[in-house]
Amino acid sequence: MTLQQLKYIIGVSEIGSLNKAAEKLYISQPSLTAAIKDVESEFNITIFNRTSKGISLTSDGKEFVQYARQIFAQYDNLLDRFCSEKNHKKKFSVSCQHYSFAVKSFVELVKNLDVSQYELAINETRTLTVIEDVATGRSEIGLLYLNDYNRKALTKLFISNDLVFEHLITCDAYVYLSKSHPLAKSKSISLEELADYPCLSFDQNSMSAFYFVEEILPEYNYPKLIKTTDRATNLNLMKGLNAYTLCSGIICEELNGGDFVAVPYRGDKENPNSKMEIGFFMKKNSVLSQTGQLYIEELKKYLAKCK
């Protein structure tokens with residue numbers, strides 16, 4: 001088995017078509033098929049189901065591709081560290097929950113790089129996808145938060161996917177809303193006071209969504225709830241509907257704009273405030289690329305200003 005064969009298999013798994021993958025990988029379809037069969041024969045497994053409707057990964061194939069991504073991610077890190085070839089583009093990708101500070105840190109990272117020499121990506125996405133991206137090697141670093149409610153479930157996922165979580169900052173929860181909101185000038189806000197306003201929650205699209213929710217108090221029966229998928233929509237709804245969301249309070253005005261405010265959430269016995277431990281995670285025993293290290297440094301610098 002060669003790295004090139006692994007690259008072919010990863011490519012086919014992402015594209016879902018031998019014809020299209022062959023075109024993108026600049027190889028003939030017969031050669032691509034032969035490369036896959038050679039690997040399947042070497043390991044005595046079937047990686048792809050082949051039908052008249054196309055191809056899909058078998059259960060063995062899904063596991064194989066996950067390991068293949070890990071190998072390729074470490075290979076890229078090795079090239080990043082030691083390769084001096086001018087035509088080699090360094091790769092870096094981070095996946096995160098919907099955090100403006102994560103994007104701001106990415107911006108500061110990119111400002112210090114020659115972007116023509118890199119393949120860069122940042123993915124704001126669902127919690128489970130953040131974990132899957134790092135587990136499969138799509139992203140080098142993941143960012144999310146832990147608290148008393150989700151810690152056990154997410155830690156179990158970290159262990160089963162051979163991931164390690166590193167602490168960045170711990171903070172209380174805040175209510176995030178427009179400065180024009182009737183409660184915007186409050187010193188603190190309770191759920192009872194928010195009952196007449198829509199709560200915004202990022203859609204997790206999962207049977208275990210309670211454990212993956214980005215906001216605290218996922219079990220609370222919100223009188224008015226709107227699911228969204230991106231920060232821009234949240235900001236629009238905050239202005240248009242006097243909606244709100246529960247967050248860490250670490251907000252980047254440069255990116256989100258100055259029309260919003262984070263007010264401390266005032267808990268009660270049934271709905272207490274919750275300490276949110278924000279951190280990053282990566283594959284266990286892996287070595288961060290130089291770009292990854294620089295990104296973590298930017299995160300720490302930004303969060304240090306928020307303490």
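Some values worked out for this structure:
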{"read-out": "Rg and Dmax [Cα atoms of the range 1-110; Å; Rg one decimal, Dmax integer]", "value": "16.7, 48"}
{"read-out": "Per residue value of the accessible surface for the chain (all protein chains in place, 1.4 Å probe), Å²", "value": "53"}
{"read-out": "Loop-located GluC sites (Glu not before Pro) in the range 185-219 whose Cβ has at most 13 other Cβ within 10 Å (DSSP)", "value": "Glu192, Glu219"}
{"read-out": "Built amide H within the under 5 Å cut-off of Leu163, gap 5+", "value": "Lys284"}
{"read-out": "Above-threshold pairs, the threshold being 32 Å between Cα atoms, out of Lys37/Lys152; Lys227/Lys275; Lys224/Lys269", "value": "Lys37/Lys152"}
{"read-out": "Convex hull volume per residue for the range 135-212, taking Cα atoms only, in Å³", "value": "161"}
{"read-out": "DSSP H segments from the chain that extend 20 Å or more along their own axis, Cα-based, with Kyte-Doolittle mean of -0.5 or above", "value": "29-43"}
{"read-out": "Accessible area (Å², 1.4 Å probe, nearest 10) - Asp148", "value": "150"}
{"read-out": "Size descriptor, Kirkwood hydrodynamic radius, that averages inverse alpha-carbon separations across the range 178-243, Å", "value": "12.8"}
{"read-out": "Computed lengthening from Leu78 to Lys156, 0.36 nm per intervening residue step minus Cα-Cα distance", "value": "25.2 nm"}
{"read-out": "Reachable lysines, given that their alpha-carbon falls under 26 Å from the alpha-carbon of Lys111 and they are not under 8 places away in the same chain", "value": "Lys86, Lys89, Lys90, Lys91, Lys300, Lys301, Lys305, Lys307"}
{"read-out": "Zone residues, the range 255-284, relative to Ala195, backbone N less than 17 Å from point 7 Å out along Cα-to-Cβ", "value": "266-272"}
{"read-out": "Rough spin-label spacing in nm, given labels placed 7 Å along Cα→Cβ, for Tyr67 and Ala304", "value": "4.2"}
{"read-out": "Potential extension, Asp114-Asn236 segment - 0.36 nm per residue separation minus Cα distance", "value": "40.5 nm"}
{"read-out": "Simple label model, 7 Å out from Cα along Cβ direction - Leu225 to Asp172, nm", "value": "2.5"}
{"read-out": "Value of D in µm² per second that Stokes-Einstein yields for the range 218-307, Kirkwood Rh from Cα pairs, at 37 °C (0.692 mPa s)", "value": "200"}
{"read-out": "Pairwise label distance in nanometres, Tyr149 with Thr46, each label 7 Å out on the Cα-Cβ vector", "value": "4.4"}
{"read-out": "Area projected by the alpha carbon convex hull of the chain, averaged over all directions, nm²", "value": "18.3"}
{"read-out": "Relative packing of 97-104, 263-270, which averages over residues the other C-beta atoms within 10 Å, highest first", "value": "97-104, 263-270"}
{"read-out": "Whole-percent carbon and sulfur share, accessible surface of the range 132-288, 1.4 Å", "value": "50"}
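The values are calculated or read from the model by the stated rules, or taken from the named source; none is laboratory data. Note that the structure is a prediction, hence the values are computed from the model and not measured. Note that each Cβ is placed from the backbone with ideal geometry, even for glycine, and that neighbours are counted across all protein chains shown. Accessible surface areas use protein heavy atoms only, side chains included; no ligands, DNA or RNA. Shrake-Rupley method; radii C 1.70, N 1.55, O 1.52, S 1.80 Å.
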